[in-house]
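The values are calculated or read from the model by the stated rules, or taken from the named source; none is laboratory data. Computed from a predicted structure; not experimentally measured. Ideal geometry is used to build each Cβ from the backbone, glycine not excepted, and the neighbour counts take in all protein chains shown.
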Amino acid sequence: SLASGPGGVEAFVRAGSGQLDENAIVAFPVNGTTRHYFNKASTVRIGSSDSTLTPHSFRNPPHFVSFLFKGATRHAAANEIEEVLSHLFLHKNVAPFQCRRLIQRFVTSNPSPTYIRHCAEAFVSGEHDGVTYSGEYGDLGAAVAA
């Protein structure tokens, strides 16, 4: 074990490496059991030999349902849904997107980029003007206060 974190999260690295890299295994306690995951990202790259098109890449969310096993379990499907929702919610564009919509509905139809940035920072940190709301990512109370 390289490190232990809050809530019983542990990181295991390859012997002799001492680094948290793509070969690391992370253990999370989930509903009374411990789940182990590789620290790997699946990236899809779309490119072209045509120089007029810009290559594009995006990260696939983790998946738990085997593509080869036809009888997916209810537990695996629930894990799949949870990971996809987490992947979407934690995307870097969620905070500015949500804040822009909140400001448009409650304040002004054309918010400035600075206003959106301040609101997004509150959404991400859970704090605004020295007041800690939940102190967690996704705090709408802090975002509205901003």
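What the table shows:
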quantity: Filter result for Ser49 (assigned to a loop (DSSP other than H, G, I, E, B) and modelled with pLDDT of 75 or more); calculated: no
quantity: Cβ-Cβ under 6 Å pairs, at least 6 apart or on other chains, segment 116-143 side at pLDDT 90 or above, far side surrounded by fewer than 19 Cβ atoms within 10 Å (Cβ to Cβ) and of a type in the set (Ser, Thr, Tyr); calculated: Val124/Tyr137; Gly126/Tyr133; Gly126/Ser134; Asp139/Tyr133; Gly141/Tyr133; Ala142/Tyr133
quantity: Subset of segment 102-117 [charged (D, E, K, R) and over 20 Å from the mean Cα position of the chain (by Cα)]; calculated: Arg105
quantity: Odd one out for Asn79, checked against (1) modelled with pLDDT under 70; (2) of a type outside the set (A, V, I, L, M); (3) within 29 Å of Gly138 (Cβ to Cβ); calculated: (1)
